[in-house]
Protein chains: 2
Amino acid sequence: MIRRISTILIACFSLVLADEGMWLMSQIEDLDLNSKGFEIESKAIYDEENPSLHNAIVWLGGCSAAFVSSQGLVLTNHHCAYGSLQRASAKDGIDYVRSGYLADDQTKELPAPGQYAYVLNSIEDVSKDVFKAARKASDLTQREILIKKKIRDIIEETEGNREDIHCKVVKLFEGQEYRKYTYTKYRDVRIVYAPPESIGKYGGDIDNWIWPRHTGDFTFYRVYMGPDSLPASYSEENIPLMVNNWLKVATEDLKVGDPGFILGFPGVTTRYRTAADIEYSLEYLYLPYIQRYRDYLCMIEDIYKKDPDARMRLASVYAGIANYMKKYQGNVDGFQKTNFIDEHLQMEDQLKSFVNSDKKLKKRYSHLFDDMNTLMEEKKGYYEYDSILDGFGYYSGTLFYLANKAYENAREREKPEADRDPDFSEKRNREFVERAKYRFYSYYEDYDKQVLEYALNKAKNAPDGFYFFELPADVNLWVENAYKNTKLADYDYIRDLFGMRASQIESLDDPIVQLAVKLYAPKLEKKERMKIWDARMNELREQYMELLAIYTRKPQYPDATGTLRFTYGHVEGYSPKDAVYYKPFTTLSGVIAKNTGEEPFDMPEKLATIKDPGNYIDPELNDVPSCFLITTDITNGNSGSSVMNRKGELIGLAFDGNYEAMTSDWMFLPEIQRTIAVDIRYVLFITDKFAGGTWIVEEMMNDQ
Amino acid sequence: MIRRISTILIACFSLVLADEGMWLMSQIEDLDLNSKGFEIESKAIYDEENPSLHNAIVWLGGCSAAFVSSQGLVLTNHHCAYGSLQRASAKDGIDYVRSGYLADDQTKELPAPGQYAYVLNSIEDVSKDVFKAARKASDLTQREILIKKKIRDIIEETEGNREDIHCKVVKLFEGQEYRKYTYTKYRDVRIVYAPPESIGKYGGDIDNWIWPRHTGDFTFYRVYMGPDSLPASYSEENIPLMVNNWLKVATEDLKVGDPGFILGFPGVTTRYRTAADIEYSLEYLYLPYIQRYRDYLCMIEDIYKKDPDARMRLASVYAGIANYMKKYQGNVDGFQKTNFIDEHLQMEDQLKSFVNSDKKLKKRYSHLFDDMNTLMEEKKGYYEYDSILDGFGYYSGTLFYLANKAYENAREREKPEADRDPDFSEKRNREFVERAKYRFYSYYEDYDKQVLEYALNKAKNAPDGFYFFELPADVNLWVENAYKNTKLADYDYIRDLFGMRASQIESLDDPIVQLAVKLYAPKLEKKERMKIWDARMNELREQYMELLAIYTRKPQYPDATGTLRFTYGHVEGYSPKDAVYYKPFTTLSGVIAKNTGEEPFDMPEKLATIKDPGNYIDPELNDVPSCFLITTDITNGNSGSSVMNRKGELIGLAFDGNYEAMTSDWMFLPEIQRTIAVDIRYVLFITDKFAGGTWIVEEMMNDQ
């Protein structure tokens, strides 16, 4: 209908409308927050010179979090802590995921294996250095390589060999800027309180991405430091980290319409892309991956039927795959529902007219669309071949993945410096090997076998076969034998493998290692080919973003890069479809109403019988609030982000987006895009009244 | 939660709260409509002495309808006209269900086979006569028989042998009153405009009972009379019925909160029953019938796969079964969601305390609960046996059903008058045989076979076998042969069969007839046994309703009996679950948004391209309204009922209830129970702007 089309056109072309934007720290002061109802000054949120609210924000390496007491207490999502809970479970033989964990006091806090906490020290514009290094480039591909090398050098220089410093340099505005983020890395993180899965993951995959939501998606961690006040690995002697900046809990009840903001680490967005890009993602990413993920999930479900205990190992693998499958499906549905691609094409037509209306613009930009389309077509030509190759990657089993990585590392290390991949870093490799240990907490042989077999079968069933090496005649038999004869399931062996030279690895009599060796050449060919493609496309994307700025005449925010961003909005419901309105608060009554007693709607019975909910009752709702909606602009990586009110006080934790706006990585749709947050009052109610973790709440309140 | 429980307690015990009630015409004047925002006087709706609005209301023998022009134009639901559309399709070999039908002008109106229209002439209290006749009874069973005989006599006396008079006497207030309804029956009804199924049944079984709804569930009929102004069978010479009372279309746009009322023919409710009754229905009716209906639907779906044309014959059978299956499932879900049975038990406990608190009450009523429970337990004891027997009924195939009915009729006819079933009526039998003709429009041999086989298999697999006669060893083979050798698929033969004596039928060499003969004895035994049971239970139910009146001290309305009732309410949305609010209007945009191009969401493309929607746009919605919600109290039978505004003008047609309140036949839940109506503006928009049936709209408007 006419109404819908115009909504989207407006949404897209006035780019910064409503509460859109994942803003850099340096951009906050330009947002005129006071005019939007905020009482906190922008300088109180981010001040380059002085400590400010942003110093309370913690990166968990994938998720976001924040300090909530002076003693290093950290609040994040339950689903962010899921992996460490699962690893702790595997280690102790107690299913903490299912039961939850409450430390009786600070001394009983449980190590969170593989969980690090990163505290941001500084943000620095390094564009000049990077561009200077790139100047000598003879072509686009070399330019990209020089940029990447410069970035690597900056990181190495900043980190040195220090275990406690982590540095990240990101490309912003499609390459118009580069920024360096430097963190202190804390390696001793402990679980203070995690609710049982039946609260923390209530609604499970069914409710995932869905509003109305009733998930108590939170966990308390604590960051520890050595007795010398420096970051340290886990030790009994370590003491809680003393911090100067932490978030205070809101003292007023949250209401519909209240302004709020989020500081967190959104991972990836692609807001400045063309219809060709979107179409490619639909046809060559989302649709095939939905199928692939569905197959993986079926494998795990079949395993669960045979071995219910497999859940303790595979639950987080399952959750991760299911989460992305639903996200992709949401994109597919969203594209269809909003005529996404057609309308992007229409918008591009308008943009083309704009370009053609001006000589200068025409000269610089008119080639853009055809050039980008040509590149996309080129990529499509390789799709079938590349997708088989990509099948041998992260999801093709822990053993193959590690063998492949070890061999690639060895080959890279032995190249002359000039030819070496600029992303290659011995420090990152060491960190990778360290983390690989935790992958084994999710290792389940039967699943590992099946996914490798799946990749091999895909290769085998490709129209022209898979033409780099001869595939085994009986894939199933080959895999069975391979897993019988491989030593890769032993982490110590993996550690050794990563220390070997390429020739040593090549001579190993291990079928899975040999598979990795055979796949090296085609994978390298693809990588080199994509380097050239990327360099050309990146150049075009930079110009496209430039053009959009000229056309819209609005301030732009860069695509998400996993670094600290600011987004603001207000508490508001939305209309997901004709005649339906979603209110922005759910309640404890709603939690109880959803209970069926069967997973994932199997809340602890105790929840229904708490007689004194204390001051966690919202006077307007006349109930304990559970989750709320806010119009802020987030994506994956923002999980665990604190949500603050007009005064900068903590009102909740962002943990999800809504299904109706699943296309949000491509475009912000102000009418329907919402952040789903768990209300701080529910967090405290569960901790205090349900779990009896009153001491944790008191620790926070004493620091108000 | 406490909140929910109290809601239901209030809803039930203050019986007449909010907009509850299916009121008798004689009760309207006590409702104080003016205080509820109505401008129309109660006398203008129903006046025993003078023509009033209720004279515009038409009964379609199962559905409701109303005159909307002076020339006998009638508006009802599409799903009420579905059967006649299907029969017309079968007759003409054109799929009117799929394509819809628009008469170019009055002369092109299409006969609606098997459709009659009943216009109410009078309502009369016949309680005195009935009670007088019952006085001589020696026991409860005989009392019931005497009452039924008296009712039969009243009907026969009123109707005589006239084809154009239809009389119905109903028991009200569980037997505290009896009323006689006399109708003129019109037998020439024609289709003026029926939208295509993709509008009239848009959303199909998926959206059935569901809000938000986007179904254009309406059809225009016209009632014809003979040139002598008397009811007549179809003839080309017939002329449109001239009427003095018809509904005028609302001149103002309908708004949220507006009051409205409905006049229609609700079929059956059971609002004054105990938990034991509800529990019995859950365990012994809803749950097994859901299973049985699911099996039937699977059979039809399998047939569709083999023969898509079967749809033209089986569509209305399928729709009917699917509709009830969903209704039963909704009851099951509703019982669970609202703790329905437990809370009824709690209410009964309060009622018991009330009874025990007073000597007189105790004496008269304290036996009630135990006695009713004893009867229910007795019935349960027969359940397994009876359910097998019931399997040989309406749904066990057209051929068996008709043979069974013919033989039962013959046996009944030959009994001495004193022993004869008081429900037996030669006139009703003639009408039955007449209607049987139309059953053959839905006759599909393969389905007929399968359902009979299904009943036989159920009998065969009963724990102790089925002990009235020997079942065939190979049921499938027996059915195949039976259908090869039977003559019952010939309507003329059926007509003959209904004229035969019992002994003649017994001697027929027809396997299906023989099956009916064999089943006569056990079916009779069950009938006689249930007569006694019913008499006892009815007595208790009458007392129970009496007791409720004493306890609640509120005016009561009688359970629905398929006769004219009045219900009022106001346009209002509802909250189906935590954080969700359903607004009371859907729109044309919503219709379009639901379109997937695939049945049942396959709206005609033209709908999206109508550029001039005329004055059917609602200024507040800024869109053409599609359906709306109103808090009126309806049930099956109300389908097609006109909804009127505060002035008594037509605003829409009721066509459904909402899934959340599917337990409404047992109890009105004011917070969630809504009538779903198609907006008159959508009816006219579709007729005028979509179909081009402007002349129909003009006919109505000329009569304003």
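Distances between placed amide hydrogens fall under 5 Å for B:Val580 paired with A:Lys583, all partners being 5 or more residues away or on another chain. Extension gain for A:Leu287-A:Glu412 works out to 41.6 nm (0.36 nm per residue, less the C-alpha to C-alpha distance).
Inside 10 Å of the C-beta atoms of B:584-592, what's the mean count of C-beta atoms belonging to other chains?
On the way: counts 1, 2, 4, 4, 2, 5, 5, 2, 4.
Mean inter-chain Cβ contacts per residue within 10 Å come to 3.
Converting phi to 3J(HN,Hα) with the Karplus coefficients 6.51, -1.76 and 1.60 and the offset θ = phi - 60°, the stretch A:658-666 yields 9, 4, 4, 10, 5, 7, 5, 5, 8 Hz in sequence order, with x at every glycine or proline. Rounded to the nearest 0.05, the FRET efficiency derived from the C-beta distance between A:Lys647 and A:Ser26 at R0 = 30 Å is 0.85. Shielding value for A:571-579 is 5, the average number of Cβ atoms from other chains within 10 Å of each residue's Cβ. Couplings 3J(HN,Hα) for the stretch A:529-536, derived from phi with the Karplus relation 6.51 cos²θ - 1.76 cosθ + 1.60 (θ = phi - 60°), are 4, 5, 4, 5, 4, 4, 4, 5 Hz, where x marks Gly and Pro.
Using the Cβ of A:Gly652 as centre and a radius below 15 Å, the other residues enclosed give a net charge of -2, where K and R count +1 and D and E count -1. Highest mean first, the peptides A:441-452, B:406-417 sorted by other C-beta atoms within 10 Å per residue fall in the order A:441-452, B:406-417.
What's the local net charge at B:Ser316, with K and R +1, D and E -1, over the other residues with C-beta under 12 Å away? Mind dumping the intermediate values first?
On the way: positive: B:Arg87, B:Lys201, B:Arg311, B:Arg313, B:Arg439; negative: B:Glu197.
Once positives and negatives cancel, what remains is +4.
What is the distance in Å between the Cα centroid of the stretch B:261-278 and that of the stretch B:201-237? Their Cα centres are 25 Å away from one another.
Under a 5 Å amide H cut-off, with hydrogens placed 1.01 Å from N, A:Val624 pairs with A:Leu588, A:Ser589, A:Asp618 among residues at least 5 apart or on other chains.
May I ask you to derive the FRET efficiency for A:Asn34 and B:Lys363 from their Cβ-Cβ distance with R0 = 51 Å, giving the value to the nearest 0.05? Kindly include the intermediate steps, with their values, before the conclusion.
On the way: r = 76 Å, r/R0 = 1.50.
That gives a FRET efficiency of 0.10.
The stretch B:515-569 gives an Rg/Rh value of 1.23, both radii derived from C-alpha positions and Rh following Kirkwood. Pick out, from A:Gly264, A:Gln291, B:Tyr181, the residue whose Cα sits farthest towards the positive end of the charge dipole of the protein assembly as shown, with +1 on the Cβ of Lys and Arg and -1 on the Cβ of Asp and Glu. The Cα lying farthest towards the positive end belongs to A:Gln291.
Just add up the charged neighbours of B:Phe335: K/R +1, D/E -1, any other residue whose Cβ is under 11 Å from the Cβ of B:Phe335. Every neighbour counted, the sum reads -4. According to the calculation over all Cα-Cα pairs in the protein assembly as shown, the P(r) per 10 Å bin from zero is 1, 7, 13, 17, 17, 15, 12, 9, 6, 2, 0, 0 %.
Note on the stretch A:417-471: with charges restricted to the Cβ of Lys and Arg (+1) and Asp and Glu (-1), its dipole about the Cα centre is near 240 debye. Across the stretch A:382-388, coupling constants 3J(HN,Hα) worked out from phi with the 6.51/-1.76/1.60 Karplus curve, θ = phi - 60°, read 8, 4, 4, 4, 5, 5, 5 Hz, and Gly and Pro carry x. For the stretch A:107-175, the C-alpha radius of gyration divided by 2.2 N^0.38 Å, with N the number of residues, is 1.51.
Put simply, when B:104-117, B:522-535 are sorted by average Cβ atoms within 10 angstrom per residue, most first, you get B:104-117, B:522-535.
In terms of overall dimensions, the stretch B:414-551 has a Cα radius of gyration and Dmax of 19.4, 61 angstrom. Averaged over residues, the count of other Cβ atoms within 10 Å places the peptides A:328-338, A:589-599 in the sequence A:328-338, A:589-599, highest first. Beyond 39 Å, what percent of the Cα pairs of chain B remain? So the pairs more than 39 Å apart make up 35 percent of the total in chain B.
Per residue of B:204-216, other chain Cβ atoms within 10 Å of the residue Cβ number 1 on average. For A:Gly652, the amide hydrogen comes within under 5 Å of the amide hydrogens of A:Val643, A:Ile680, counting only partners 5 or more places away or on other chains and with H modelled in the peptide plane. Please work out the Cα center distance from the stretch B:543-617 to the stretch B:48-112, rounded to the nearest Å. Here the two parts' Cα centres lie 21 Å apart. Between B:Phe354, B:Ala310, B:Met372, the Cα set farthest toward the positive side of the dipole of the stretch B:310-404 (charges on each charged residue's Cβ, about the Cα centre) is that of B:Ala310. Note on the stretch B:301-354: Kirkwood radius taken over Cα pairs, Stokes-Einstein applied at 10 °C and 1.306 mPa s, translational D equal to 112 µm² s⁻¹.
Per-residue ellipticity at 222 nm, computed for the protein assembly as shown from helices alone with -39500 (n - 2.57) per DSSP H run of at least four residues, works out to -13500 deg cm²/dmol.
Coordinate-derived values only; no laboratory data. What you see is a predicted model, and the numbers here were worked out from it, not measured in a lab. When we count neighbours, we look across all protein chains shown, and the Cβ atoms used for this are built from the backbone with ideal geometry, even at glycine.
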